[in-house]
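Okay, so here's the structure we're looking at.
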Amino acid sequence: MRPDPQVPPIAPPSNRHRSNRIEGRRVSAVLVTVLAVIGLLIAACATAATPGFSGPAGQGPPSVSPSTSASPSPSASPTPAFPITLTDDDGETVTLAAEPRRLVSLTPATTEILFALGVGDRVLAKVEDIADYPPAAHDIPVVATYQGVDVEKIVGLQPDLVIAGGNGGTKPEAVAKLRSLGIPVLSVYAADLAGVLKDVELTGDAVGRGSAARDTTAALRAGFDQIQAATTNLPHPRVFYETGVGDVPVVYGTADDSFVASMISLAGGVPITTGSKTNWEQSREKLIEADPELIILSDGAFVAADSVKARPGWSVMTAVKNGAIVAVDDTIVTRPGPRLLEGLLALARAIHPDAALPSPSVPDAVPSGSASPS
């Protein structure tokens with residue numbers, strides 16, 4: 001089994017393949033407000049209970065903490081001019097003398113973000129990506145895999161900037177080596193949903209697309225708000241999102257306060273988490289005690305619902321008794337990039353299949369090579 005490339009490095013090893021934007025017009029504060037109002041109207045029309053689900057006794061829909069809420073936060077700061085100095089998610093400062101034109105992407109999410117911001121044509125090399133998204137990135141040479149990073153190849157490409165996975169997502173020794181050779185490295189790591197949006201903007205600033213990045217995050221926030229508003233008054237089932245399986249009886253879920261847990265909350269569920277912010281392994285005993293009403297499989301292409309029902313001890317769970325076991329496209333749910341809004345909608349549809357839900361979107365990307373907005 002190979003480590004899961006979409007979620008933090010402390011996440012489970014994954015035994016599955018993943019069937020693995022955005023630049024455009026600025027979303028104004030007025031538009032965001034209008035979208036939120038529309039979302040509330042939709043919610044008012046979608047209050048019918050979802051069959052088969054009931055919240056915990058005496059408990060209504062969970063309140064969403066500020067760290068989970070996707071409400072627009074003003075981001076009026078202009079794209080910084082070059083030269084610029086940025087602080088990455090590992091706390092390291094990175095100085096860029098000029099707008100970088102030769103990029104190396106060492107996370108699949110970063111590759112998606114760069115293409116979404118219209119600078120995909122600058123990407124010289126990338127990390128291995130089973131999903132290989134977007135399709136335009138298919139032929140880009142691979143310089144890193146799940147096992148390590150080919151530092152020599154990267155150095156030979158003479159990049160202006162390498163964007164790596166923070167918090168150990170890219171081998172720390174490889175990052176250190178690149179920096180020792182004078183190659184700028186920006187490490188990104190989205191610990192929570194706010195971190196995902198921050199990293200889109202940080203990446204945009206680093207490549208001279210800060211305005212486009214802020215357009216994207218504004219649209220993402222607006223879409224998040226629409227879906228949250230549409231699910232607020234619906235029943236909130238207890239949801240276990242399975243991110244992987246190991247040797248029996250090991251299964252993996254979601255860590256506390258992770259962006260995946262926040263997504264489940266926004267989609268109208270009560271996330272069952274591991275009890276740790278760093279460990280994604282789910283205790284069977286705690287899972288049975290939490291009694292999920294819905295089990296969502298991120299590895300549904302490889303794990304059948306019947307095999308879940310046959311797991312020792314799982315037959316007592318409400319979700320298993322009711323056959324409430326569904327699969328989703330894990331790539332769009334757990335990859336911290338511009339398709340996360342698609343992932344949230346997929347989660348909301350899995351949790352509330354009979355509800356009327358909005359279908360928000362983010363602006364289309366400007367073609368690669370077009371002039372950088374300022």
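Laboratory data are not the source of any read-out in this text; all were calculated from the coordinates shown. The shown structure was predicted, so the numbers you read here are calculated from the model rather than taken from an experiment. In this analysis, Cβ positions are derived from the backbone assuming ideal geometry, glycine residues included, and neighbour counts consider all displayed protein chains.
In summary, the lysines within cross-link reach of LYS198, defined as a Cα separation below 28 angstrom excluding same-chain residues under 8 places away, comprise LYS126, LYS171, LYS177, LYS277. Counting neighbouring Cβ atoms within 10 Å and putting the fewest first, the residues TYR146, TYR133 line up as TYR146, TYR133. Sorting the segments 252-263, 82-93, 282-293, 107-118 by their mean number of nearby beta carbons within 10 angstrom, highest to lowest, gives 107-118, 252-263, 282-293, 82-93.
Extending 7 Å from the Cα toward the beta-carbon at both ASN233 and LEU157 defines two label points whose distance is 5.1 nm. For the peptides 167-174, 197-204, the ranking by packing is 197-204, 167-174, with the highest mean count of neighbouring Cβ atoms within 10 Å listed first.
Where the centroid of each part is defined by its Cα atoms, how far is the range 287-362 from the range 234-279 in Å? Here the answer is 10 Å between Cα centres. Once the chain from THR85 to ARG311 is taken as fully extended at 0.36 nm per residue, the excess over their C-alpha distance is 76.2 nm. Please list, by residue number, everything in the range 152-170 whose backbone N is under 17 Å from a paramagnetic label point 7 Å out along Cα→Cβ of ALA97. The answer is 158-162.
Figure legend: label point modelled 7 angstrom from the Cα of ASP256 along Cα→Cβ; residues of the range 268-290 with amide N under 12 Å from it are 273-279. Once backbone amide H atoms are built at 1.01 Å from N, ALA125 has SER105 as its partners under 5 Å, excluding neighbours fewer than 5 places away on the same chain. LEU161 sits among other residues whose Cβ lies under 14 Å from its own Cβ, and their net charge, with Lys and Arg +1 and Asp and Glu -1, is +1. Going by a ≥ b ≥ c, the root eigenvalues of the Cα gyration tensor, does the range 104-211 fall in the rounded group (a/c under 1.5), the prolate group (a/b larger than b/c) or the oblate group? Rounded shape, in that the Cα axes give a/c under 1.5.
I want to verify the translational diffusion coefficient of the range 132-272 in µm²/s; compute it with Stokes-Einstein, Rh as the Kirkwood radius over Cα pairs, at 25 °C and 0.890 mPa s. My calculation gives 137 µm²/s for D.
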